[in-house]
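The values are calculated or read from the model by the stated rules, or taken from the named source; none is laboratory data. Given the structure is predicted, the values throughout are model-derived calculations rather than measurements. Glycine gets a Cβ as well: all are built from the backbone with ideal geometry, and neighbour counts include every protein chain shown.
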Amino acid sequence: MTSVAKLNVAVWRYDRTQALYDGRISVGAREAEMVDRPLEEIFSKAFTSAEYEVSELSLSNFLRMRVDGECAYQGIPVFPSRSFRHGAFYVRKDNLINDPRDLVGRKIGVREYSMTAALAARGGLRDQFGVEADQVHWLVGDVNEKERDTIPLPVLYKDISIAVAAGGALLDDLLLAGEIDAILAYKPIKSSIGPTARTRRLFENSEAVEKDYFAKTQVFPIMHLVGVRTEDARADPTLVRDVYQAFAEAQRLASADLAYEQALKIGLPWLRQELERTKAIMGQDYWPGGFAANRHVLETMINWSFQDGLISRKIEPEELFFSEMLTT
């Protein structure tokens, strides 16, 4: 066995990864080159060429590739991105869609059907309101500006109505023209911004809906996990544990910064009150790492993926991670 002396670690610069970027935390005795690139680029390089020894990964697409036996990475139970996604649905202000059940039979635009934000948003519709993915017509395309020359559709294992926007049409334009009825987007669409906005969020008080969802399910959706390239883990027997411990410690430091009151390290004036409010709703460890604390969420999201036709079979959450991580 040999040790991997230098790592390319591709993760976004979050508060919970900042300690890795500024050198307060190291991955054992290894030299770590932090790769700060747009997430879409990180995911593309990780999934197509396995460019990085350690990489942040889209949970949904990682799951798909693991089920198909095509992924060069295995997971460690560290989740740098989590988010409720009820607020990701946008509709025109002048239409009659006011209830999520009004989406049945409608056309919804989405940048990528298989992205985790879409998986979580559809999961919320299904779990809370009984709206299934196959009750909607999906149109895949770029949202506000042309990003891609070709837009592939995922292989699906369920009869889902899905197509690519013709002629490279932008989804926001199609929504305004009435050619689609809603957009599922991971960031605000342009037509929803400013005093002349012509679109709005379907759930205008999405926070209240998300709180209700969490109270009933205890699911705080995972967007991204961290993966280690399998060939490097085989070559270096301490790599997986060292990566896990480094990310866990970086998150611990970020959490401590949130609670620091002498001089606010985070630019929110009522930070303490917001932190206390979140803990009152979601518990003291509201962003847990480790396998055991997240198994229920992972099992839920695997079921979402199966129901959405993204995977051919359900797997156990244990199959996503290095075996030594299952005791965390």
When residues of the range 282-328 are filtered for being β-branched (Val, Ile, Thr) and either in contact with a strand residue (DSSP E or B) (Cβ under 7 Å, 6 or more places away or on another chain) or without any contact (Cβ under 8 Å) to a residue 12 or more places away in the chain (or both), how many remain?
2
Kindly state which helices (runs of 4 or more DSSP H) lie completely within the range 143-254 and contain at least 2 residues that are touching an Asp or Glu at 6+ places or on another chain (Cβ under 8 Å).
171-176, 206-217
Evaluate the range 279-289: report whether one residue or more is farther than 25 Å from Ala254 by Cβ and either out of contact with any helix residue (DSSP H, G or I) (no Cβ under 8 Å at 6 or more places or on another chain) or among the basic types (Lys, Arg) (or both).
no
Out of all the residues in the range 84-102, is one or more assigned to a helix (DSSP H, G or I) and over 20 Å from Thr300 (Cβ atoms)?
yes
Number of positions in the range 166-216 that are closer than 26 Å to Arg82 by Cβ, among the aliphatic types (A, V, I, L, M), touching a residue at least 60 places away in the same chain (Cβ under 8 Å) and surrounded by fewer than 20 Cβ atoms within 10 Å (Cβ to Cβ)
2
A careful count of residues in the range 35-62 that are in a loop (DSSP other than H, G, I, E, B) and either surrounded by 22 or more Cβ atoms within 10 Å (Cβ to Cβ) or in contact (Cβ under 8 Å) with a residue 24 or more places away in the chain (or both) gives 6
Selection from the range 63-78 of residues part of a helix (DSSP H, G or I) and buried (at least 19 other Cβ atoms within 10 Å of the Cβ) yields Leu63, Arg64, Arg66, Val67
Sole residue being touching a residue at least 24 places away in the same chain (Cβ under 8 Å), crowded, with 19+ Cβ neighbours inside 10 Å, small (Gly, Ala, Ser) and out of contact with any strand residue (DSSP E or B) (no Cβ under 7 Å at 6 or more places or on another chain), chosen from Ser81, Ser114
Ser114
Does the range 243-260 contain at least one residue that is free of Cβ contacts under 8 Å to residues at least 40 places away in the same chain and in contact with a strand residue (DSSP E or B) (Cβ under 9 Å, 6 or more places away or on another chain)?
no
Mind counting the residues in the range 1-28 that are in contact (Cβ under 8 Å) with a residue 12 or more places away in the chain, in a loop (DSSP other than H, G, I, E, B) and not basic (Lys, Arg)?
14
Can we say Leu176 is assigned by TED's automatic domain parsing to the domain that holds Asp94 and under 30 Å from Ser312 (Cβ atoms)?
no
Being among the charged types (D, E, K, R) and in contact with a Ser or Thr (Cβ under 9 Å, 6 or more places away or on another chain): is that true of Arg85 here?
yes
May I ask you to verify whether Glu147 is at pLDDT below 95 and under 22 Å from Leu59 (Cβ atoms)?
yes
